[in-house]
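All of the numbers you see were taken from the coordinates with simple rules; none came from a lab. Computed from a prediction, not measured in an experiment: that's the story for all the values here. Using ideal geometry, Cβ is built from the backbone for each residue, glycine included, and neighbour counts are taken over all protein chains shown.
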Amino acid sequence: MKEQDTTRNWYHERIHDCERRLAIRRRQDDRLARARVITFLPAIGLAIYACFWSAIGWPWSLAAGLLVVAFVVVVRLHENVLRDARELRQRLYMNQTQLARHERRWDLIPSCEVAIPPDHEFVANDLDLFGPKSLFQLISLTHTPFGEDTLRDWLLVPATPLEITERQQAVSFLAPKADLREELDLRGRLLGTSRNCTLAFVEWAESPPFFATRAWLAWLTRLTTLAFVTALLALLSAIVPREFAFLAIVAISCVNLALIVLFAGRIHDVLSRVTSRSHDLRQYQPLLEAIATLPANVPHFARLHAQMGNTPLEPVTQLDALMRLVRFANLRNNGLFGLPYYVSQIFLLTDFHVVARMENWQRRHGGLVRPWLEAVGHVEALSSLATLAHDNPRWCMPIVEDVPVKTITANELGHPLLADVIAVPNDVVVGPPGSFVLVTGSNMSGKSTLLRAVGLNVILAQAGGPVYARDFRLPPIELATCMRIRDSLADGVSFFLAELRRLKQIVDQSRDRRADDSRPLLYLLDEILQGTNSAERHLAVARVIGRLVESGSIGMVSTHDLELAHSPELSQACRVVHFRETFTGRDGDQQMTFDYQLRPGVSPTTNALKLLDFVGLND
């Protein structure tokens with residue numbers, strides 16, 4: 001509780017600081033807005049007076065000029081204040097959102113749609129990895145498509161022990177760097193575009209250049225431009241007869257117009273694919289600069305630096321060179337320079353030359369764009385896990401090691417999606433191979449929550465992040481779950497048959513894992529095979545679990561079937577634990593409470609009939 005109060009107070013202080021600074025910027029905004037009016041209107045008035053009414057105009061013109069200079073300075077200062085205010089509003093929102101994450105106020109936490117590969121749908125849905133009130137919603141501070149995909153893949157695909165160790169080192173470095181993590185979050189938010197925009201730029205960078213199969217066109221545009229400049233100089237210097245030089249300019253312009261008619265559509269398509277993403281390019285540069293500042297003595301960061309090119313700052317330098325071309329191309333949309341830019345097309349084929357320069361950049365650096373942005377995605381994913389570690393100081397970094405005894409050991413393990421004031425930690429041991437934990441207890445006592453707590457912490461551990469436990473040790477594990485099976489009317493599949501098919505997949509997966517002893521299977525089965533009578537259900541469940549035990553997998557099974565603990569096939573392999581409830585008060589005025597504490601042995605209580613009383617169905 002003390003750690004939670006510390007984190008809450010820390011965010012309240014940052015929120016208060018943002019509000020204080022934002023109030024200052026609002027006051028500055030008001031003053032500078034008035035200063036713009038005060039400098040602009042008198043400047044116009046003095047200029048008109050100097051031109052039309054003053055006998056000696058130069059003093060008034062000078063005063064007007066000084067006011068214009070003052071107006072320009074005020075405008076620049078105002079723009080800086082407005083930019084700072086926008087960023088402060090984002091920082092305020094970010095800290096408010098992080099406080100909501102810490103307190104698990106899900107309605108205030110943004111979420112996004114994540115595409116789940118079919119092979120991982122069961123585990124993702126059973127453990128609430130994605131969607132509303134999910135692990136991804138809790139931890140994700142990713143804003144680029146590569147960041148979202150990286151964090152998704154880390155949660156779905158277990159890393160090797162070496163990769164986990166390297167990610168933990170990077171997470172441990174970033175966790176106390178609150179300002180750096182906030183800056184990464186801010187720059188990602190300022191992208192402000194859909195994932196399709198970034199992916200479209202990457203697609204252009206990796207696509208064949210327009211001039212690659214039209215080398216003749218590139219040379220022709222250079223020749224016509226050189227010929228126009230030569231003819232213009234000849235016309236101005238009278239080296240040749242003016243009529244001849246003028247006719248040459250007209251002929252060159254006709255050739256240029258023909259090229260514009262034939263190829264302008266495709267040229268403008270290339271320009272729009274690059275220039276329309278210029279906002280993304282500008283916002284990626286601070287993210288890439290931040291990566292370059294990360295210490296190379298952390299192995300994960302060193303690999304990201306190697307991914308950047310010759311130096312960690314190479315992406316920044318090269319994107320800046322591309323941005324200069326983009327800014328020049330965007331002059332055609334500028335009210336002041338637009339007309340001269342379009343006139344230059346007729347004589348100089350300006351767009352053709354700009355595209356040629358862009359494609360020179362594309363040939364040299366286009367293949368590196370994806371690795372650059374993937375590095376940004378990696379840092380976003382690491383920052384997400386680091387923020388989780390920072391906000392939950394009582395959580396620990398797990399130890400994932402390939403040891404002979406494949407056992408999961410956790411002290412004070414809790415459910416990551418529950419706030420500290422709600423979660424009840426428990427000590428859990430799962431394993432060794434060929435054994436399982438049988439979790440018994442009445443309705444609502446905490447059986448399913450325990451299974452999901454184990455599964456979510458295993459996923460966090462193998463993603464390289466912190467886990468909700470005081471100590472957590474586990475071997476490399478492959479996870480399989482059967483918790484939320486649905487029937488399918490479209491496929492004509494009942495709930496019972498759908499569950500059987502899922503259990504068959506888990507048994508087959510367990511056999512495959514037996515051949516690869518380096519990563520055993522951890523299965524989490526919640527109240528399986530409820531769609532049949534109790535006698536057959538008992539036999540079927542015992543048979544399924546028996547197959548999993550024979551294959552050397554480890555797992556946890558929750559059940560209301562207390563006889564499973566005494567089944568001849570399973571009694572030697574299972575360790576039985578239970579949750580219980582407490583009834584207080586007299587008949588007719590009883591209350592049922594749960595302490596969610598895990599205890600050894602079979603559950604001594606049931607509560608189905610009591611629940612009938614509570615809802616008025618036991619008359």
* Out of all DSSP beta bridges with both ends in the chain, state the antiparallel percent to the nearest 5. => 40
* Extension gain (nm, one decimal) between T593 and D30, 0.36 nm per residue minus Cα-Cα -> 196.9 nm
* **Inter-label distance, nm, simple model (7 Å from Cα along the C-beta direction), M323/S61** => 3.9
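Can you tell me the FRET efficiency between L232 and S207 if r is taken as the Cβ-Cβ distance and R0 is 41 Å, rounded to the nearest 0.05? Don't skip to the end; give the middle numbers.
Numbers: r = 36 Å, r/R0 = 0.88.
For R0 = 41 Å, the calculated efficiency reads 0.70.
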* To do: Fewest Cβ neighbours within 10 Å first, please rank F130, F71, F495 accordingly.
  => F495, F71, F130
* If you line up the long axis of helix 338-348 against the longest principal axis of the chain, both from Cα atoms, how many degrees apart are they, to the nearest 10? -> 70
* Between D471 and E569, what is the label-to-label distance in nm when each label sits 7 Å out along the Cα-to-Cβ direction? -> 3.7
* To do: Let me have the 222 nm mean residue ellipticity of the chain computed from DSSP H runs of 4+ only, each contributing -39500 (n - 2.57), with the sum over all residues rounded to the nearest 500.
  => -20500 deg cm²/dmol
* For E550 and L223 in one chain, what is 0.36 nm times their gap in residues minus the Cα-Cα distance, to one decimal in nm? -> 109.9 nm
* Virtual paramagnetic centre 7 Å along Cα→Cβ of I48, amide N under 19 Å, in the range 65-105 -> 65-69, 71
* Structure fact -> Checking the range 351-426 for GluC sites (Glu not before Pro) in a loop per DSSP with at most 14 other beta-carbon atoms within 10 Å yields E401
* What is the set of long-range amide H partners of D595 at a cut-off below 5 Å, with H atoms built 1.01 Å from backbone N? -> R580
* **Gained length - L108 relative to S253, 0.36 nm times residue gap less alpha-carbon distance** => 46.1 nm
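Calculate the FRET efficiency for R76 and A419 from the Cβ-Cβ distance with a Förster distance of 41 Å, rounded to the nearest 0.05.
Efficiency at R0 = 41 Å is approximately 0.30.
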* What relative contact order, as a whole-number percentage, does the range 58-144 give when Cα pairs under 8 Å and 6 or more residues apart are counted? -> 18
* the chain, relative contact order in percent, only Cα pairs under 8 angstrom and at least six apart counted -> 15
* To do: Express the relative contact order of the range 1-103 as a whole percentage, based on alpha carbon pairs under 8 Å and six or more residues apart in sequence.
  => 43
* To do: Mind pulling the angle between the C-alpha long axis of helix 195-206 and the longest principal axis of the chain? Nearest 10 degrees, somewhere in 0 to 90.
  => 60
* To do: Would you please name the chymotrypsin sites (Phe, Trp or Tyr not before Pro) within the range 197-274 that are DSSP coil residues with at most 11 other C-beta atoms within 10 Å of their C-beta?
  => none
* Structure fact -> If amide H atoms are modeled at 1.01 Å from N in the peptide plane, then the residues at a separation of 5 or more from L479, or on another chain, having amide H under 5 Å from its own are L522
* R0 = 56 Å: FRET efficiency of F496 with R266, Cβ-based, nearest 0.05? -> 0.45
* Asked: Among [x] 127, 54, 41; [y] 139, 63, 41; [z] 111, 59, 53, which one is Cα extents along the principal axes in Å computed from these coordinates?
  -> [z]
* Name the trypsin sites (Lys or Arg not before Pro) in the range 113-174 that are in a loop by DSSP and that have at most 13 other C-beta atoms within 10 Å, would you? -> K133
